[in-house]
Amino acid sequence: MKTVLVTGGAGFIGSHVVVELVKAGYRPVIIDNFSNSERPVIRALQTLLNQEVTLYDCDYQNNKKLKEIGETERPIGVIHFAAFKAVNESVKQPLKYYDNNVAGLIKLMKFIKALTKLKHFVYSSSCMVYGEPDQLPVKEDSPWKPATSPYGTTKQMGETISSDTTVVSKHFNALSLRYFNPIGAHASALIGELPIGKPQNLVPFITQTAAKKQSSLTVFGNDYPTPDGSCIRDYIHVVDLAKAHVKALMHLEEKPPAYYDVFNIGTGHGSSVLEVIKTFEQVTDQKLMYTIGPRRLGDLTATYASIDKARKVLNWKAEKSLAEALSDAWRWQQKLA
Ligand code: WQD
């Protein structure tokens, strides 16, 4: 069986990818230090998959341990999720972000470079690499603007490090997947997003407000140059996003060493904050408490993905609707509450 190391495999996206890898016949091996995830996720994965899941409870930056894992598990690939992702926090603690997301990635690439049997690398990137796009939908070859936060800069640097290392490699190839806004949860409600403290992202804030864990949602600005004045994003169901990783691996298996490419992973459709709220109210049949507040610093006005390249090259497209994603997010929230 083909073993794939999944750093950050206990996290929101990583855990859903573990499920899809198993379903596609791969053997995921999780490396996670639970700095932003919880141990019961592993038990939930085992229940969902009805099988044991191999876990190394350690920091992916622990070189010695990583070497041991490489020798024991003989992976054919690595999918790298272990990174920090809170935009606001990255502004306040940039070194924390450069250390884990950039210095950590350099160590990981050295490990991959040394493991000559390892053939594939998938890097978790972000639509944040584009900055505020000039044209919508945003295409993969759009020029990068300065990132709006240190987090965004780490993703630009991460893609550069991945690509520069890959194109001179004799034994591995790689892809960067630029995620738009992943939301939702597994339909089983066994795994989902576990925000620590007050949620920063829209959908967990909505579900926690509906669950009365937050008193009211603030819409950050209704004076943007968009049809209803609120910001527009491309919200993608996390299970669709997870499936894109399987397609990415399958694609890399057909490609020679040193091949590198980038793909947008979104639905191709933009939804405004007010539309997301309205859809949530419709699918859950309830009114949400919200007020309009000032703009949030550093927010983009609008972004959504051009999805042609992923469809043509990876043979992947998102299948689940915003309504389905919000309904799954709500089911997960109710289970947590
Ligand atoms: C969405 C919209 C807010 C909270 C995220 C991740 C980032 C990156 C890309 C991967 C915005 C508005 C939010 C609230 C609101 N992912 N909002 N009230 O900023 O697009 O970035 O996706 O790299 O890691 O953070 O997502 O969910 O924070 O915001 O009105 O309480 O919802 O202004 O327009 P964002 P988000």
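The values are calculated or read from the model by the stated rules, or taken from the named source; none is laboratory data. Please read these numbers as outputs of a predicted model, since none were measured by experiment. For neighbour counting, all protein chains shown are included, and Cβ atoms are generated from backbone atoms with ideal geometry for every residue, glycine included. Ligands, DNA and RNA are stripped out before the accessible areas are found, and what is left, the full protein with its side chains, is counted by its heavy atoms. Shrake-Rupley method; radii C 1.70, N 1.55, O 1.52, S 1.80 Å.
Some values worked out for this structure:
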item	result
Interchain or long-range residues, amide H under 5 Å from Thr54's placed H	Ile30
Furthest towards positive pole of dipole, Tyr179, Val283, Val41, structure part the chain, Cβ charges	Val41
C-alpha long axis of helix 104-114 to longest principal axis of the chain, angle in °	30 degrees
Rounded percent of accessible protein surface that carbon and sulfur make up, the range 13-104, 1.4 Å probe	48 percent
Anchor Lys278: aspartates and glutamates whose Cα lies under 15 Å away (excluding residues fewer than 8 positions away in-chain)	Asp228, Glu324
The range 141-165 and the range 6-32: distance between their alpha carbon centers, rounded to Å	24 Å
The chain, accessible area per residue, ligands and nucleic acids excluded (1.4 Å, Å²)	45 Å²
Rg [Å, one decimal], Dmax [Å, integer] - the chain, C-alpha atoms	19.2, 57
Antiparallel bridge percentage (DSSP; both residues within the chain; nearest 5)	5 percent
Estimated vicinal HN-Hα couplings, Hz - the range 264-270 in sequence order (Karplus 6.51, -1.76, 1.60; Gly, Pro = x)	6, 10, x, 9, x, 10, x
Under 23 Å from Lys65, Cα to Cα: lysines that are on another chain or at least 8 residues apart	Lys2, Lys96, Lys107, Lys110, Lys113, Lys117, Lys119
Placed amide H near Tyr179: partners under 5 Å, 5+ positions off or other chain	Ser125, Ser126, Cys127, Ile265
Dipole moment magnitude, nearest 20 debye, the chain about Cα centre, only Lys, Arg, Asp, Glu C-beta charged	660 debye
Longest DSSP-loop-exposure-free segment, trypsin sites (Lys or Arg not before Pro), the chain, at most 11 other Cβ within 10 Å	1-116
Amide H contacts of Arg27 (H built 1.01 Å from N, under 5 Å, at least 5 apart or other chain)	Lys2, Thr3, Val4
Cα long-axis angle, helix 273-284 against the chain (0 to 90 degrees, to the nearest 10)	90 degrees
Extension reserve of the Thr160-Ala187 stretch, reckoned as 0.36 nm per residue once the Cα distance is removed	6.2 nm
Cross-link partners of Lys145 among lysines (Cα-Cα below 18 Å; sequence separation of 8 or more within a chain)	Lys155
Calculated [θ] (222 nm, deg cm²/dmol) that DSSP helices of n ≥ 4 give over the chain, each run adding -39,500 (n - 2.57)	-11000 deg cm²/dmol
